[in-house]
Amino acid sequence: MKVPKSVASLIEVFESLPGIGPKTAARLTYYLLHAPDELSQQLAEAAADLKTKTKICSICQNITEHDPCEVCDDPGRDRTIICIVEDPLDVWAIEKSGSFLGLYHVLHGVIAPLENIGPEELKINELLPRLRQDSGGQAKVKELILATNPSMEGEATAMYIQRLTKPLGIKTTRIARGIPIGAELEYADEVTLRRALEGRKDY
Ligand SMILES: [Zn+2]
């Protein structure tokens, strides 16, 4: 006997997600089969909303439901300092740590030549206009914190941005090594993240 198609196809969907192997995919599917109907409905709705209700903030490029996002729209944030991160999860991790009150810029990836990801694939072009903005009473950016992960790609990306922005004469810093090499920002605990930000050095 074959597994019914509707069961098999959900297993397949789960399996296509990162970090989920065939066993977990099957376990999740059978769990849903026995769970109340609402759970499957909630899951389907939440997954649909994820794509239809979110957009990218036109300023910082973070994922948001409102453009500009909450951070860019907050008059209390320090507009002279921009923290550059790889992905939205990094913003959420830093926000949770409560150790940063400036603005962000989300790259949506890192330069990875082996995977054919160059600077054009990232939101680097969107960064430059933010740095040049000096008319209209906007506070000029005084510091860029390069907070890409301490991986080879993260370092290469930080270096690329540093070289690109150097002619603009903005102070560039790199987060401290509180984050172990090869580790990812989004998984760092709040204390480590705060230390990494506070201990940032000129780059
Ligand atoms: Zn924003």
- prompt: Is it the case that some residue within region 14-27 is within 14 Å of the ligand (Cβ to nearest atom), open to solvent by 80 Å² or more (accessible area, probe 1.4 Å) and either out of contact with any Lys or Arg (no Cβ under 7 Å at 6 or more places or on another chain) or not β-branched (Val, Ile, Thr) (or both)?
  reply: no
Taking region 157-176 and keeping only residues that are closer than 17 Å to Thr80 by Cα, open to solvent by less than 20 Å² (accessible area, probe 1.4 Å) and assigned to a helix (DSSP H, G or I), one is left with Thr165
When every residue in region 87-99 that is more than 14 Å from the ligand (Cβ to nearest atom) and more than 22 Å from Ala156 (Cβ to Cβ) is compared, the one most open to solvent (accessible area, probe 1.4 Å) is Lys96
>> Suppose the filter is modelled with pLDDT under 95 and more than 19 Å from the chain's Cα centre (by Cα); does Lys23 pass it?
In response: no
Here the residues within region 100-110 that are open to solvent by 20 Å² or more (accessible area, probe 1.4 Å) and either over 10 Å from the mean Cα position of the chain (by Cα) or not assigned by TED's automatic domain parsing to the domain that holds Lys123 (or both) are Leu101, Val110
Being open to solvent by 30 Å² or more (accessible area, probe 1.4 Å) and within 30 Å of Ala196 (Cα to Cα) narrows Ile84, Ile63 down to just Ile63
- request: Please indicate, with yes or no, whether at least one residue in region 49-59 is more than 9 Å from the ligand (Cβ to nearest atom), in contact (Cβ under 8 Å) with a residue 40 or more places away in the chain and of a type in the set (Val, Ile, Thr).
  value: no
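The values are calculated or read from the model by the stated rules, or taken from the named source; none is laboratory data. Remember, it's a predicted structure, so these values are computed and weren't measured experimentally. With ideal geometry, Cβ positions are generated from the backbone for all residues, glycine too; neighbour counts draw on all protein chains shown. To get the accessible areas, we keep the full protein, side chains included, count just its heavy atoms, and leave off ligands, DNA and RNA. Shrake-Rupley method; radii C 1.70, N 1.55, O 1.52, S 1.80 Å.
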